[in-house]
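Worksheet for the structure shown next.
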Amino acid sequence: MSKLVIVSNRVPSAAVGRSSAGGLAVGVLDALKRQDGLWFGWNGKIEENPAEAGLSTYRIGRLDCATTSLSREEYDAYYRGFSNGTLWPAFHYRVDLARYASREYAGYIAVNERMASMLMELVDEDDRIWVHDYHLIPFARACRRKGLRNRIGFFLHTPFPSEGVLRTIPPHRELVEALCDYDLVGFQTRGDAQAFLDYATRRLGLPLDADGVLRTRSRRVRVGHYPIGILPDEIQNKSKARSRSKLVTTLKQGLQERKLIISVDRLDYSKGLVERFNAFERLLETYPSHCGRVSFLQIAPPSRSDVEGYRHIRRQLESTAGHINGRWTELSWTPIRYMNRAYDRAALLSFFRASQVGFVTPLRDGMNLVAKEYVAAQAPEDPGVLVLSEFAGAADELADGAIIVNPYDIEAMACALHRALNMPLPERLERHGHMMQLLRDNSIRQWRDHFLADLEPLAVAA
Ligand code: ADP
Ligand code: F6P
């Protein structure tokens with residue numbers, strides 16, 4: 001019987017559920033945990049001779065996981081170098097933080113080749129293969145060279161930049177050509193898919209059929225947008241179940257009846273944390289009635305700490321939070337609580353439910369699952385308000401229910417916080433009901449089903 005094979009750089013560990021900070025692992029697991037399949041990728045370890053060490057295998061629910069480690073050289077070139085030093089910043093429009101080294105690009109290609117060789121041993125002829133994210137753009141190309149003919153789909157969890165930005169990555173053409181070795185290329189938003197199509201048609205000169213299918217010499221490549229979702233009702237139940245937990249009681253005791261603004265992100269420069277801290281301070285300056293009456297909790301576990309841009313943003317945040325707290329703290333009130341730790345998901349959801357405002361303001365984000373989780377975790381009879389960046393993919397769906405802000409506009413963000421903190425119940429109910437409906441209509445199950453249906457072979461053109 002044919003099986004579904006998932007390939008991604010990050011694979012949840014066997015001890016899953018405790019603190020998987022990262023949209024890919026959380027989303028894909030929610031989508032697939034109840035079906036049979038194989039998940040293949042990196043186990044997060046660095047070892048001297050990974051090819052010789054072979055695969056580690058374990059099960060999560062009905063999924064078989066098979067993982068490999070990376071050597072130090074591979075990790076430096078493929079993960080820390082080209083993936084997170086070149087592609088990640090450029091795909092998030094931070095060309096000022098992107099660097100390029102041909103040696104790292106060569107390492108990126110080599111790891112894709114090695115992982116493709118390992119996968120060859122695990123797939124059968126009629127398996128469908130679903131590859132995830134920017135670490136593995138050349139994966140299908142490597143598989144095709146080794147003779148694999150299976151249907152292979154690719155989904156990008158990050159934004160895909162417009163041509164002007166994409167061209168700052170020296171091997172931009174090769175990357176887009178490599179994407180054309182997939183049968184299906186999926187993006188989070190219509191804008192991302194369009195940016196890819198613009199490049200493929202204008203720069204590569206590929207013809208595009210009316211139904212969004214690119215024609216290359218060897219295949220027809222379907223291109224589409226598949227906004228990743230969540231399981232809204234499961235999240236609502238989880239947040240309710242934990243709403244009287246010890247952690248929530250402690251949180252509420254610390255707040256002493258004050259309102260709570262909450263943000264939860266990996267500590268990443270794409271998330272707009274500094275601008276967010278500044279907007280909170282501007283709220284206190286512009287609307288002093290909030291002083292002493294509202295606290296801001298930012299939970300941000302460190303991520304990719306060995307990449308320079310991440311070390312820098314961490315220092316910057318520590319100094320910004322210290323500066324703001326130094327200026328505003330009173331004996332009985334600390335305005336910003338800034339925590340660099342991960343919590344288990346159920347705890348986070350219960351914190352969301354205990355807050356009045358979810359403050360989600362990335363400078364650029366593929367989707368941002370936290371925005372969706374925040375909405376789903378609310379008590380439907382007394383929901384909090386989502387303040388959301390227009391540059392998160394989630395804004396395409398949630399624009400009518402959230403207060404949409406430009407994260408570069410500190411004053412406007414302060415106004416939005418003030419509005420959210422004062423929003424009357426009927427308006428909150430209406431906005432929340434609207435967003436919940438959208439989340440239900442486009443849950444993670446629809447995302448999976450829609451993508452996998454489109455991965456099926458195309459009807460032969462007349
Ligand atoms: P990204 O994929 O860039 O990290 P997303 O918002 O799309 O951003 O996904 C982040 C996922 O990781 C969410 O499911 C969120 O609940 C989880 N997460 C984020 N921060 C934490 C944290 N501090 N502790 C545990 N889980 C977290
Ligand atoms: O969703 C974006 C993403 O980059 C995933 O690809 C990744 O797994 C996650 O964030 C966390 O980053 P990392 O895998 O580098 O720890």
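Of the candidates SER319, SER295, the single residue that is more than 16 Å from ligand 1 (Cβ to nearest atom) and assigned to a helix (DSSP H, G or I) is SER319.
If you take just the helices (runs of 4 or more DSSP H) that sit entirely in the range 184-261, which of them hold at least 3 residues that are over 30 Å from THR334 (Cα atoms)? Full working, then the answer.
Details: elements: 190-202, 232-241, 246-255.
Because the criterion is at least 3 residues that are over 30 Å from THR334 (Cα atoms), the helices (runs of 4 or more DSSP H) in the range 184-261 that meet it are 190-202, 232-241.
Going by the structure shown, is SER117 touching a Pro at 6+ places or on another chain (Cβ under 6 Å) and either within 14 Å of ligand 2 (Cβ to nearest atom) or not charged (D, E, K, R) (or both)? Against the criterion (touching a Pro at 6+ places or on another chain (Cβ under 6 Å) and either within 14 Å of ligand 2 (Cβ to nearest atom) or not charged (D, E, K, R) (or both)), SER117 does not qualify. If you check GLY54, GLY44, GLY23 for being within 16 Å of ligand 2 (Cβ to nearest atom), farther than 27 Å from TYR226 by Cα and not basic (Lys, Arg), only one passes: GLY44.
The strands (runs of 3 or more DSSP E) located wholly in the range 11-99 include none with 3 or more residues which are on the phi < 0 side of the Ramachandran plot, free of Cβ contacts under 8 Å to residues at least 12 places away in the same chain and out of contact with any helix residue (DSSP H, G or I) (no Cβ under 7 Å at 6 or more places or on another chain). Tell me whether the range 110-123 contains one or more residues that are surrounded by 23 or more Cβ atoms within 10 Å (Cβ to Cβ), assigned to a loop (DSSP other than H, G, I, E, B) and touching an Asp or Glu at 6+ places or on another chain (Cβ under 8 Å). Within the range 110-123, not a single residue is surrounded by 23 or more Cβ atoms within 10 Å (Cβ to Cβ), assigned to a loop (DSSP other than H, G, I, E, B) and touching an Asp or Glu at 6+ places or on another chain (Cβ under 8 Å). The set of residues in the range 439-453 that are surrounded by 19 or more Cβ atoms within 10 Å (Cβ to Cβ) and within 21 Å of TYR374 (Cα to Cα) comprises LEU439, ASN442, SER443, ILE444, TRP447.
Flag: VAL131 does not match the condition of being assigned to a helix (DSSP H, G or I), among the β-branched types (Val, Ile, Thr) and touching a residue at least 40 places away in the same chain (Cβ under 8 Å).
The set of residues from the range 285-298 being among the hydrophobic types (A, V, I, L, M, F, W, C) and surrounded by fewer than 22 Cβ atoms within 10 Å (Cβ to Cβ) comprises CYS291, LEU297. Name the single residue, out of those in the range 330-364 being of a type in the set (Gly, Ala, Ser) and outside any loop (DSSP other than H, G, I, E, B), that is nearest to CYS415 (Cα to Cα). For the range 330-364, the residue satisfying everything is GLY358.
Checking each residue in the range 383-415 for being in a helix (DSSP H, G or I) and touching a residue at least 60 places away in the same chain (Cβ under 8 Å) picks out ASP396, GLU397, ILE410, GLU411, MET413, ALA414, CYS415.
Would you pick out the residues in the range 134-160 that are of a type in the set (A, V, I, L, M), part of a helix (DSSP H, G or I) and closer than 22 Å to TYR75 by Cβ?
Across the range 134-160, the qualifying residues are LEU136, ALA142.
Remark: pairs (first residue in the range 216-237, of a type in the set (Phe, Trp, Tyr); second residue surrounded by 14 or more Cβ atoms within 10 Å (Cβ to Cβ); Cβ separation under 6 Å; 6+ apart in sequence or on different chains) = TYR226/GLY186; TYR226/TRP447; TYR226/HIS450; TYR226/PHE451. Against the list (1) over 27 Å from VAL221 (Cα atoms); (2) in a loop (DSSP other than H, G, I, E, B), the condition MET367 fails is (1).
Against the conditions (1) touching a residue at least 40 places away in the same chain (Cβ under 8 Å); (2) under 23 Å from GLU390 (Cβ atoms), VAL213 satisfies every one except (2). Within the range 25-40, at least one residue is away from ligand 1 (no atom under 16 Å from the Cβ), in the same structural domain as GLY153 (by TED's automatic domain parsing) and of a type in the set (A, V, I, L, M). With respect to the stated conditions, LEU283 is in contact with a helix residue (DSSP H, G or I) (Cβ under 9 Å, 6 or more places away or on another chain), part of a helix (DSSP H, G or I) and assigned by TED's automatic domain parsing to the domain that holds ILE410.
Given the criterion surrounded by fewer than 20 Cβ atoms within 10 Å (Cβ to Cβ) and within 16 Å of ligand 2 (Cβ to nearest atom), identify the matching residue among ARG99, ARG59, ARG80. ARG80 is the lone residue from the list that is surrounded by fewer than 20 Cβ atoms within 10 Å (Cβ to Cβ) and within 16 Å of ligand 2 (Cβ to nearest atom). Can you find a residue that is more than 13 Å from ligand 1 (Cβ to nearest atom), without any contact (Cβ under 8 Å) to a residue 12 or more places away in the chain and surrounded by fewer than 24 Cβ atoms within 10 Å (Cβ to Cβ) anywhere in the range 339-361? No, because not a single residue in the range 339-361 is more than 13 Å from ligand 1 (Cβ to nearest atom), without any contact (Cβ under 8 Å) to a residue 12 or more places away in the chain and surrounded by fewer than 24 Cβ atoms within 10 Å (Cβ to Cβ). In this structure, VAL264 does not qualify as touching a helix residue (DSSP H, G or I) at 6+ places or on another chain (Cβ under 6 Å), of a type in the set (Val, Ile, Thr) and either under 22 Å from LEU87 (Cα atoms) or free of Cβ contacts under 8 Å to residues at least 40 places away in the same chain (or both).
The values are calculated or read from the model by the stated rules, or taken from the named source; none is laboratory data. These numbers were taken from a predicted model, which means no experiment stands behind them. All Cβ positions, glycine included, derive from the backbone under ideal geometry; neighbour counts span all protein chains shown.
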